[in-house]
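Have a look at the structure below before the remarks.
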Amino acid sequence: MHPERNGTVEVLLVIALQATLVGTLVFGTKGLPRGEWNDNPLSLGQAKALQGFLALCIVFHHCAQQVFHDRWGSAVGPSGLEVMALIGFAFVGYFFFCSGYGLYQSCQRKRDYLHGFLRHRALPLILVYYACNTAYLVGRLAMGETFGPPRVACLLCGIELANPNSWFVVALPIMYLVFYAAKRDCPDDGLVVRRLFVGVVVYVMVGIVVRMAFSGVDRYMVFLGKWWYNTAILFPLGYLFGSREREAWAWMRGGYRRQVACSVALFVGCFLLALVFGVGFSLSPVAFVFEILCAIGFTWGLLLLSLRRKASSRLLSFYGGLTLELYLMHGFFVNLFYRPFYDKDVGIVTIGSPAAYILVVLACGTALALLFRQVTKRLPGPRGPRQAHD
């Protein structure tokens, strides 16, 4: 086949694959009759289904990053994955939001919820992080990468991420620590919300300072990347939403169509503006603000969607129960089949077709995630490490 035609076919296949991904959400939820509303838009089943969809989006995003990185500035031509490669931060924002919202709901249901909170909620995630880091270190050694003793120490201590995508499993326990400090001696939800916002702002500022101080480091160290903090603000926003939930839903229902338009405009407009002022690893303050607003617009849109549609897909529910494990495990195959961690020209087993590459990564990542879940079930914690909707 002619190279240009082959490229065109690949782009069409990738676009079709992304359309199928969107279809899992459209056909995996049922629209309600006109004038009716979902009476529990953030139920555990509903939120988990959306998280399952976003977990799939994140797999696509990380695969797209590899393809996009490979073709950036080259004459190969577009891949059809350019937007997906750059939009991943918005997907993570919904997980932060659900975590904050879930903490508020749990505090309302259980009077002694804070008793043993860090041991039961943060510790399992920390143990999962170290288990994942060790597994990835072994995998990278098996793929031919070599490390000196100082770097092995950094990887084993968790200062450097052997799995670059595991940062969320470090950030979320930090959010839990901020929540615990804000809530433990304070029955006033308004004050808790203010403390959460202050704590997250401090977290963001520390991240930015660390990023600037170590700007010359090209490895995946803790805090060295704006994805650590460009959606963290949604954590206190989720808690605030929970504390004002009845009023918030009433407000959304009151001007639903107008709010749908506003959320889409905020999401798309701020995403485009973020691209104008900075892309990728750029730490442009203006782009950073637009990314925050873009993530807020995206989560706002998902909340509006939940008002009018109910989750009904076994596929999304399945992945909703596997979000953490899939998130952590698929990255091994992202690198194995395209570009290794140490950035050589080709992967160990190169899959040239971007569409086939995504499908194989998803299939292998799902299988390894199921295996990893069996391992993490043995870790301490009453309900395991899945805390996205507490």
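Would you mind computing, in nm to one decimal, how far apart the modelled labels at Met221 and Asp39 are, each placed 7 Å from Cα along Cα→Cβ? Spacing of the two 7 Å Cα→Cβ label points: 5.5 nm. Put a dot 7 Å past the Cα of Arg314, heading toward its Cβ, do the same for Lys377, and the two dots end up 2.0 nm apart. What is the sum of charges, Lys and Arg at +1 and Asp and Glu at -1, for the other residues whose Cβ falls under 15 Å from the Cβ of Leu17? Result for the local shell: -2.
Couplings 3J(HN,Hα) for region 46-58, derived from phi with the Karplus relation 6.51 cos²θ - 1.76 cosθ + 1.60 (θ = phi - 60°), are 5, 5, 5, 4, 5, 5, x, 4, 5, 4, 5, 4, 5 Hz, where x marks Gly and Pro. Here r is the Cβ-Cβ distance between Arg258 and Val9 and R0 is 41 Å; the resulting FRET efficiency, rounded to 0.05, is 0.50. To the nearest 500 deg cm²/dmol, what mean residue ellipticity at 222 nm is calculated for the chain from DSSP H runs of n ≥ 4 alone, each contributing -39,500 (n - 2.57), summed and divided by the residues? Dividing the helical sum by the residues of the chain leaves -22500 deg cm²/dmol. For Cα extents along the principal axes in Å, the value computed from the atomic coordinates appears in the list [x] 138, 66, 33; [y] 60, 53, 41; [z] 60, 50, 48 under label [y].
Relative contact order of the chain: what whole-number percent is it, with Cα pairs under 8 angstrom and at least 6 residues apart?
On the way: 509 pairs, mean separation 123.3, N = 390.
Worked out over the chain, it gives 32 percent.
Once you sort the root eigenvalues of the Cα gyration tensor of region 146-239 as a ≥ b ≥ c, which label holds: rounded (a/c under 1.5), prolate (a/b larger than b/c) or oblate (the other case)? Provide the component values of the computation, followed by the final result.
Numbers: a/c = 2.94, a/b = 2.21, b/c = 1.33.
Verdict is prolate for region 146-239.
About its Cα centre, the dipole of region 96-212 is roughly 220 debye, where the only charges are +1 on Lys and Arg Cβ and -1 on Asp and Glu Cβ. Only lysine pairs 8 or more places apart or on separate chains count here, and in the chain those with Cα atoms under 20 Å apart total 5.
In the chain, the portion of solvent-accessible area held by carbon and sulfur atoms comes to 65 percent [1.4 Å probe, whole percent, DNA, RNA and ligands not counted]. When the Cα positions of Leu275, His330, Leu196 are compared along the charge dipole of the chain, Leu196 comes out farthest toward the positive end, with charges on each C-beta of Lys, Arg, Asp and Glu.
Taking amide H atoms as placed 1.01 Å from N in the peptide plane, the amide H of Asn230 has no partner under 5 Å among residues 5 or more positions away or on other chains.
With all protein chains kept in place, the per residue accessible area of the chain amounts to 46 square angstrom at a probe of 1.4 angstrom.
The values are calculated or read from the model by the stated rules, or taken from the named source; none is laboratory data. The shown structure was predicted, so the numbers you read here are calculated from the model rather than taken from an experiment. Please note: Cβ atoms are built from the backbone with ideal geometry, for glycine as well, and neighbour counts cover all protein chains shown. Keep in mind that these areas ignore ligands, DNA and RNA; they rest on the heavy atoms of the full protein, side chains included. Shrake-Rupley method; radii C 1.70, N 1.55, O 1.52, S 1.80 Å.
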